[in-house]
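Have a look at the structure below, then the notes.
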Amino acid sequence: MYLETSSQIDKELGLFFYATDTPGLDGRIKEGPEDFIVVENSLIEADETGNHLVLVIWKKDLSTREVVDIIANKLNIGRKAIGVAGLKDKRAIAIQKISIPYKEIDPKDLEVEGRLKVLGLFRARRKVRVGYLKGNFFKIKVKGVKNLEALNETVFQLEDRGCPNYYGYQRFGGKTRNHELGRLILEGDYDQLASRIGLKRRISGIKDVLRLDLRLLRFFINSYQSYLFNLMVSERMRRGHPLNEPIEGDFIKGGKPAFPIIGYKSKLPKGEAGDIVKSVLEGEKVRPEDFKLEVRKLRDKGSLRKVPMTYKSIMVDINKNEIVLSFWLEKGCYATVLLREFCKWSEPPI
């Protein structure tokens, strides 16, 4: 039922299948920031007496972290005092909300010509946080496409079958393969980790580990959890099971089937869903309790993630050999994974 990928990169990241079996458009994305537009869909209630100031910012060719650094430096405030609902791509144009502790400011003081503007501001009672993010609107240009006759059928098949909610390419880095580094941490192979990330000293015990960037190590672990989830979704598809409809033993999240993001408190499903999860964990030789690492800040309890992606309103505009795809994605979903169903790249844009 499902088409298997021919991309070696896809396979290395656990993305073995497509939900659609249509010919790929191929094509190129992100040749310029204007080709990838993201507008944050977040709900933040205004309050004229609030202790926080929410800035609606427009950014181009800047990461969200770089924007936070600019604001922190220009206003002389700590980075931790600045709130964001989500991180947006650097190689893009994005509109998002960022909060600072309330103070009188001139928005023009924060602008960086051609790269950063403040489109508006309002006071709020609470700092902007991840929980305020509902999703994102995307408008993405794909250049140099082929097989345009397959477009409508791809949209139809996605509506009928769903789209696998894989973690996308940027989750795993480029040649660094972040999930492999996460596995090394779980195995306690810090010497190999040090070699892979370019450290010239040995890591011989927990005291040496604590001197490392724990946030970065946690990110590597999260990447490995993402890889395990991708393998679970791929195994489900390998067995020919639906993405949108539950099978025996499925957990349910938001009315849709869900697999565990494995952590030390993860409960595993029963039935066929449980057999899928068990086969992945056995293949990787990993157990939930392995995520209860000695360093507390590296531990992860686990969570649930929907098997199918939640998206809305796919619209397509065709102009000769390029198209513009517009759609809305729920937070945590990857635009490149939805694009992957249309383009079916042999060399994905990582």
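Side notes on the structure shown:
- Each Lys and Arg contributes +1 and each Asp and Glu -1, all at the Cβ; summed about the Cα centre of the stretch 257-350, the dipole is approximately 520 debye.
- Computing FRET efficiency as 1/(1 + (r/R0)^6) for Phe219 and Lys320, where r is the C-beta to C-beta distance and R0 is 30 Å, gives about 0.15.
- Placing +1 on the Cβ of every Lys and Arg and -1 on the Cβ of every Asp and Glu, with no other charges, gives the stretch 33-134 a dipole of roughly 420 debye about its Cα centre.
- Under the simplified labelling scheme, the Phe137-Ser313 pair shows an inter-label distance of 0.6 nm, with each label point 7 Å from Cα along Cα→Cβ.
- Largest GNM mean-square fluctuation among Gln96, Gln225, Gln192, using the chain with Cα springs under 10 Å: Gln192.
- Couplings 3J(HN,Hα) for the stretch 80-96, derived from phi with the Karplus relation 6.51 cos²θ - 1.76 cosθ + 1.60 (θ = phi - 60°), are 5, 7, 9, x, 9, 8, x, 9, 10, 4, 6, 7, 6, 9, 9, 10, 8 Hz, where x marks Gly and Pro.
- Within a straight-line Cα-Cα reach of under 23 Å, Lys306 can be paired with the following lysines, leaving aside sequence neighbours fewer than 8 residues apart in one chain: Lys11, Lys88, Lys134, Lys253, Lys256, Lys265, Lys267, Lys270, Lys278, Lys331, Lys344.
- In sequence order, the stretch 198-213 has phi-based couplings of x, 6, 9, 10, 7, 10, 9, x, 4, 5, 5, 4, 5, 7, 7, 6 Hz under the Karplus curve 6.51 cos²θ - 1.76 cosθ + 1.60, θ = phi - 60°, and Gly or Pro positions carry x.
- Most to least packed among 3-10, 85-92 [average Cβ atoms within 10 Å]: 85-92, 3-10
- Note on Ala81 and Lys207: their simple-model spin labels are 3.6 nm apart, each label 7 Å out from Cα toward Cβ.
- Furthest towards positive pole of dipole, Val68, Pro164, Gly274, structure part the chain, Cβ charges: Val68
- Virtual spin-label span in nm between Lys200 and Asn152, 7 Å along Cα→Cβ: 6.3
- Efficiency of FRET from Cβ geometry, Tyr264 and Arg28, R₀ 41 Å, rounded to 0.05: 0.45
- For the peptides 196-203, 70-77, 284-291, 18-25, the ranking by packing is 18-25, 284-291, 70-77, 196-203, with the highest mean count of neighbouring Cβ atoms within 10 Å listed first.
- Under the Karplus curve 6.51 cos²θ - 1.76 cosθ + 1.60, θ = phi - 60°, whole-Hz ³J(HN,Hα) for the stretch 313-322, x wherever Gly or Pro sits: 6, 6, 10, 10, 10, 9, 9, 6, 9, 9
- Calculated on the Cα set of the stretch 1-75, radius of gyration then Dmax: 20.2, 57 Å.
- The slack between Glu4 and Val112, meaning 0.36 nm per residue of separation minus the straight C-alpha distance, is 34.4 nm.
- Anisotropy class assigned to the chain is oblate, per the alpha carbon gyration tensor with a/c at or over the 1.5 cut-off and a/b no larger than b/c.
- For Leu293, the amide hydrogen comes within under 5 Å of the amide hydrogens of Arg299, Asp300, counting only partners 5 or more places away or on other chains and with H modelled in the peptide plane.
- Remark: the Arg299-Asn51 segment gains 86.0 nm on full extension, using 0.36 nm per residue and subtracting the alpha carbon distance.
We did not get these values from a lab; they are worked out from the coordinates using the rules stated. In this text, all values refer to a predicted model and were calculated from it rather than measured experimentally. As a convention, Cβ positions derive from the backbone with ideal geometry for all residues, glycine included, and neighbour counts pool all protein chains shown.
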